[in-house]
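Below: one structure, written as structure tokens.
The values are calculated or read from the model by the stated rules, or taken from the named source; none is laboratory data. Model, not experiment: these values are computed from the prediction. FYI the Cβ positions are ideal-geometry reconstructions off the backbone, even for glycines, and counts take in every protein chain you see.
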């Protein structure tokens, strides 16, 4: 993909009937439906959303958005000043900081657990295929189902499993509302993310692991490296690129994630991340401009991070 | 690798482009023109369609109801069918809708330009919808006029007046009264007085856990995502004469009365069901003999007899014999600086752009048998707003027999003493809208969970926080 | 593979020490093996327990589910919850209709996405044309935008188009299918394009020299060689459409039109708690995806990994 063919440099019309030109037309024809759907339903609305974020759009003019009054940066200023958005000390992080902490910790944990799972499954053993398939369950099961099961396992009412187990073990005296304690709730949401998405990381890492050249391990054997040495000096370097790419992808997705937290805590108890705040501004307060501004802030944070990541981390990996 | 390095610069360029497009440019103007053209097209189409269809031209009235349980929807449809039988040119579509999702549904309907004609909704939405201009106030006026303004109870009528226009913004429909329901038997055994004041509630809080089978004294609304905490707290606040604004229009969320109310509420958490709770857990804990007091609306009354649950079999299995008979009703709460009762008024809003037929349909639902049929769906949770309906209503439910006559009369006249922050005489439209925002943003449940569950706010810091937030909301509404 | 040689030598050691089972086990077990077994057990337990809890709870009675302590094994396989779920009279019943809605959305989404992305991916992978890089990157940009950012503009845009062409944007399953396509096509395109690149181009060139057209080559050569990737893409798209929550929540209004996730959310939020019914509905919704995955796991690992790790 890096090598763009030079043949294309010819003026297009003169070669209307040339083989390349016919190829190009066919190619465009093949990809056009996909392009139209994606550009029309994602890229255009994204631009539209920018427009909304600079206008005063409420329930009153939602049916006629284009006439909404232009209010400059006011939506952004209001969001920055909103109590649910801004950082107000350690006991109340605000959605921006919560979002960043949540996505980074959850993504790191996801990749780490995915790595462990992949290493466990890398050696052949009886029933490996079935085990690998089971490991994929959390990732493929519908979010609504798994979120509600976990909510119920963590429920503070007498029928909650975790409370029952902890009480029987004598670790706690009274039921704890796990998803309703600041800090703990965020931690559990992070763990839920890791539980649900580690299979994705696992699959990618596993594929890379199986492609590692055996001679490298044999060479390490000759050098007298132990298991840890082989992992540290052979496996890890081979995985660096994959790990970096998975981290970036998962971070992007986690940062944008709405359903998981919405279904688990509804955004309460210190788990209000930016997508939830966006939803609340739009659908609870009917301030669609503010909602769009929040989403744009989310996007900008993500872009800045991606820029830094690709600039610094990925470049380093590539140079190695 | 290469792919990602391609995406990134491109994304940044896009971001720049986006920012550039944000200022109004000629392109935007073109878009507006396109829109005007688009609008004309459907108009022409409708004309074409209407000509051949003149004989059976059907007006569709969409009626969203938060009475969304199946038997209730069936009843609404039955009442609608009676109207349609007389008016073959009208089709009424009853659409059940969840209370929790109504905001989002209204928003999407508005965006799609498909607002329903009639929406059954709580009074707290009326003022904000009126402020947004999506309610047809003239239509509401006309309905109230045609049903007979003298037949409506005065309390409900006053509540729906839009202070900005002086008109009735929606048509009162039904409502309920909130109270502390409590275990009279346990209270009597333990020598406790009825929980009608802060002192008696605190005494019960200390005594009830561990008395009989009870594990807790009460369930507080502490779920920051649920409005239940607000409903309970508002009564506590009003009982201490704490209101969001003073007569000069200043925000008064950090007064000593408000702080005292917050502290009182939070202190009850010591004897309350742990974790974030709202009405569902509260009801369950009371019915399952786990807590001895319950903040709830009159809706609970039949459930206390049968166990709350399903029309289609399977209820909460109440382990207490004759729970209803053992349950007392305390709707009024006395605090150190006042007293208050709390309730909810439900209205039928006629939405902007609704067909005039909608007015007839609303009047139809408020007339004679039809109205009683609606009330019968949950007689205890639907106190009539029409004086003429009180007689019929009081014969609607066999469950009446389970409760004391004084309880019954308290309920029937509930609207006359019922108070809300929202309807304090003298508050103007802006202040009401701000109170609507306080509920909409769940500010009260947020601070309640912060004080009572998480402990990262004290009543004082919470009051300061509320003051700051409400001032900001006010500034935003004024600006 | 290094680990393989190690494990074979270990198992040889095991077979030499024939004796009691304990002896065999003692000979078999080594510290690394112990940790691996422990690790896999831990993973299996934490993955399977929630699923066990979901399925077993769907067979519990109301009393078992609302009692003072959790019931780990239901006393009998009671179908009460399922009966309630399909009860045409019950307020939360008629789940059959919701299942059909989900199928009506998921299968067309998967098929259309498969067809469109195959065509597009082939163009990206094999053909040279101006604007290819721009297109590919533009399409991948979709990853960047959160659903909540898109939903309002997308909705009002579709409402406007609907107004002028004459379709409803709400409660319209095909509209939902199209929005799901926008979500799944980029990934599908990317995965397939990468897979197509792993097929040696010489095979196709040979066919072209024999006079086959491009489309003929795709149909007769590329597709048969790409079955694992095609299966993966179809299942991926099916899964996204089957599981999707936010867009369905906003686009669907009428209970009869709800997809399963929205219906389950409604049952969960109903004033009357019915955890066993929620679990029964969740079970019904989870089974098809999980079965699909188990049945096609072989293709998936191959297709998914070839698609995404390259490059």
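Summary of computed values
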quantity: Test: residue in the range A:301-312 that is over 25 Å from residue B:450 (Cα atoms) and assigned to a loop (DSSP other than H, G, I, E, B); calculated: no
quantity: Failed criterion for residue B:70 (all others in (1) over 24 Å from residue B:424 (Cα atoms); (2) surrounded by fewer than 18 Cβ atoms within 10 Å (Cβ to Cβ); (3) facing another protein chain (nearest Cβ under 8 Å); (4) in contact (Cβ under 8 Å) with a residue 60 or more places away in the chain hold); calculated: (2)
quantity: Considering residues of the range A:221-232 that are assigned to a helix (DSSP H, G or I) and farther than 20 Å from residue A:120 by Cβ only, the residue farthest from the other protein chains (Cβ to nearest Cβ); calculated: A:222
quantity: Single residue of A:96, A:106, A:84, A:130 found to be in contact with a helix residue (DSSP H, G or I) (Cβ under 6 Å, 6 or more places away or on another chain) and assigned to a helix (DSSP H, G or I); calculated: A:106
quantity: Matching residues, the range B:95-116, being farther than 19 Å from residue A:289 by Cβ and more than 11 Å from chain C (Cβ to nearest Cβ); calculated: B:102, B:115
quantity: Options C:207, C:182, C:188, C:212: the member that is outside any helix (DSSP H, G or I) and touching a helix residue (DSSP H, G or I) at 6+ places or on another chain (Cβ under 9 Å); calculated: C:212
quantity: Test: residue C:17 is more than 37 Å from the chain's Cα centre (by Cα), more than 8 Å from every other protein chain (Cβ to nearest Cβ) and at pLDDT below 75; calculated: yes
quantity: Single unsatisfied condition, residue C:100 versus (1) part of a helix (DSSP H, G or I); (2) in contact with a helix residue (DSSP H, G or I) (Cβ under 9 Å, 6 or more places away or on another chain); calculated: (2)
quantity: Filter result (touching a strand residue (DSSP E or B) at 6+ places or on another chain (Cβ under 6 Å) and part of a loop (DSSP other than H, G, I, E, B)) within the range B:336-390; calculated: B:355, B:381, B:382, B:383, B:385
quantity: Out of B:366, B:372, B:453, B:377, sole residue that is at pLDDT 80 or above, closer than 24 Å to residue B:100 by Cα and in contact with a helix residue (DSSP H, G or I) (Cβ under 6 Å, 6 or more places away or on another chain); calculated: B:377
quantity: Residue match in the range B:206-220 (condition: outside any loop (DSSP other than H, G, I, E, B), under 25 Å from the mean Cα position of the chain (by Cα) and surrounded by 21 or more Cβ atoms within 10 Å (Cβ to Cβ)); calculated: yes
quantity: Test for residue A:255: is it more than 8 Å from every other protein chain (Cβ to nearest Cβ), touching a helix residue (DSSP H, G or I) at 6+ places or on another chain (Cβ under 8 Å), assigned to a helix (DSSP H, G or I) and in contact (Cβ under 8 Å) with a residue 60 or more places away in the chain; calculated: no
quantity: Selection from the range B:406-465 of residues that are closer than 30 Å to residue A:181 by Cα and surrounded by fewer than 19 Cβ atoms within 10 Å (Cβ to Cβ); calculated: B:455, B:456, B:458, B:460, B:461, B:464
quantity: Some residue of the range C:264-274 being more than 7 Å from every other protein chain (Cβ to nearest Cβ) and modelled with pLDDT of 90 or more; calculated: no
quantity: Elements of type helices (runs of 4 or more DSSP H) contained in the range B:394-479, each with 3 or more residues being in contact with a strand residue (DSSP E or B) (Cβ under 8 Å, 6 or more places away or on another chain) and more than 10 Å from every other protein chain (Cβ to nearest Cβ); calculated: B:405-412, B:459-478
quantity: Selected residue (criterion: surrounded by the most Cβ atoms within 10 Å (Cβ to Cβ)) from residues of the range C:245-260 that are more than 14 Å from residue C:98 (Cβ to Cβ) and more than 7 Å from every other protein chain (Cβ to nearest Cβ); calculated: C:251
quantity: Condition met for residue A:277 (buried (at least 20 other Cβ atoms within 10 Å of the Cβ) and more than 7 Å from every other protein chain (Cβ to nearest Cβ)); calculated: yes
quantity: Residues of the range B:232-248 classified as more than 25 Å from the chain's Cα centre (by Cα) and in contact (Cβ under 8 Å) with a residue 12 or more places away in the chain, total; calculated: 1
quantity: Residue in the range A:185-201 that is over 20 Å from the mean Cα position of the chain (by Cα) and either away from chain B (no Cβ under 14 Å) or at pLDDT 80 or above (or both) present; calculated: no
quantity: Residue that is farthest from the other protein chains (Cβ to nearest Cβ) [pool: residues in the range B:250-280 that are in a helix (DSSP H, G or I) and within 23 Å of the chain's Cα centre (by Cα)]; calculated: B:261
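To keep it simple, each residue is scored yes or no on (1) without any contact (Cβ under 8 Å) to a residue 12 or more places away in the chain; (2) under 28 Å from the mean Cα position of the chain (by Cα); (3) crowded, with 22+ Cβ neighbours inside 10 Å.
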| position | (1), (2), (3) |
| --- | --- |
| A:126 | yes, no, no |
| A:130 | yes, yes, no |
| A:141 | yes, yes, yes |
| A:160 | no, no, yes |
